[in-house]
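> This structure is in structure tokens; I'll ask about it shortly.
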Amino acid sequence: MTPAVTMTLDVEDLRPSAELPERVVAMTHLVLDLFAEHGVKASVFVVGELADRRPALVRRAAAEGHEIGLHAHAHLPLPTLDPDAFVSLTGDARARLQDLSQQSVDGFRAPMMSLVPASAWVVPLLSDLGFSYSSSVLPGPSPLYGWPGLPRRVFRWADGPIEFPCPLVRVPGLDIPYLGGTYLRLLPDAVRRFGLRRAHSDEALWAYCHPWEFDPDEAYHPHDFIGNLASRVAWLRRSRMERRVRKVLGEPVGPPLGEIAESLDRSRLPVVDPSAPQSLGAMARWANGRLRQR
Ligand SMILES: [Zn+2]
């Protein structure tokens, strides 16, 4: 049986300059239309700055029953931020999203999965700021941001929120975030199906996508922080994206991550101390070994 996959959307405006046409509004409506057509309730993570500028996007997503989460105040990698500024900007952004959505905003997603050992200081602050869960880590090696050694199943940060790590599938020599936007778009669908067959029941499976991935007409421009090669990859094969996401939406779709977080028994989750990543080895091997045994 195909396991259920929760749909998530990261709403961000990656234009390098405000002089370029703003395409995020139309593209976000297109994705929300797709979700509505399939009757899917997603977790929609919105960048705070964009929510301030385009509040109607948040209001529409909330009115249609999606969970609203925060995709940081600005779309910057966490290791580049100052902790004091992070606290005030993130707290304000969460409060404004709650006002706009009339929901409790419980979920945080780091830009570019940039919760890594160098930004582990964020973890206790997320709890202090009122987030009950995060989906901000890629628990393997990555050319951008990854944290190898973390469990691949849902876990709990010591004195911090629940973490839903990005689902990975192991193929010889590689760990692939097979349900993630770029990978959904570029890899053969057989990789996704293979990953779903290998998935363990302890994993919370979630797919992610971005409004810009549905936009084949946007001119190419390099993005800060990810370099020219990754920017090129982000620009490729966008005309496929809608078809690929329709496939995911046409199969069993799980509830928003916030609902899953509420249903979990926290006492049964593995606990990870973010300040001691070197001590993760045995526990991570245990958790990951359980996945591989299947
Ligand atoms: Zn993002």
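The values are calculated or read from the model by the stated rules, or taken from the named source; none is laboratory data. Quick caveat, the model's predicted, so the values are computed rather than measured. Here the Cβ positions follow ideal geometry from the backbone for every residue, glycine too, while neighbour counts run over all protein chains shown. Ligands, DNA and RNA are excluded from the accessible area calculation, which covers all protein heavy atoms including side chains. Shrake-Rupley method; radii C 1.70, N 1.55, O 1.52, S 1.80 Å.
> I need the calculated FRET efficiency for the pair LEU30 and LEU174, taking r as the beta carbon distance and R₀ as 25 Å, to the nearest 0.05.
Values: r = 31 Å, r/R0 = 1.25.
Plugging the Cβ-Cβ distance into 1/(1 + (r/R0)^6) gives 0.20.
> Which helices count as membrane-span-like in the chain under these terms: full DSSP H, at least 20 Å along the axis by C-alpha, Kyte-Doolittle mean of -1.0 or more? If you can, show how the numbers build up before the last one.
Details: long enough: 24-38 (21 Å, 1.21); 83-101 (26 Å, -0.18).
Sorted by number, the helices that extend far enough and score high enough are 24-38, 83-101.
> Quantify, in whole percent, the carbon and sulfur part of the accessible surface of the chain (1.4 Å probe; protein heavy atoms only). Provide the component values of the computation, followed by the final result.
On the way: 6770 of 12700 Å².
That fraction is 53 percent.
> Let me ask something else. Explain nothing, just the number: relative contact order of the chain, from Cα pairs under 8 Å at least 6 residues apart, as a whole percent.
Across the chain, relative contact order equals 23 percent.
> With just the Cα atoms defining each centre, how far is region 138-210 from region 1-30? Give it in Å.
What the calculation gives is 20 Å, centre to centre.
> Kirkwood hydrodynamic radius, computed over distinct alpha-carbon pairs, for region 1-151: how many Å, to one decimal?
16.1
> Let's test the formula: R0 of 41 Å, r as the Cβ-Cβ distance of ASP224 and LYS247. What FRET efficiency results, to the nearest 0.05?
Working: r = 32 Å, r/R0 = 0.77.
That gives a FRET efficiency of 0.85.
> Here's something else I'd like to know. Could you tell me the ratio Rg/Rh of region 165-243? Both radii from Cα atoms, Rh via Kirkwood.
Reported Rg/Rh, Kirkwood definition of Rh: 1.00.
> Still on this model: Report, please, the projected area of the chain averaged over directions, based on the convex hull of its C-alpha atoms, in nm².
About 14.2 nm², averaged over all directions.
> Restricted to Cα positions, what overall size does region 68-190 have along the principal axes? Three whole-Å values, descending.
Its Cα atoms span 44, 28, 24 Å along the three principal axes.
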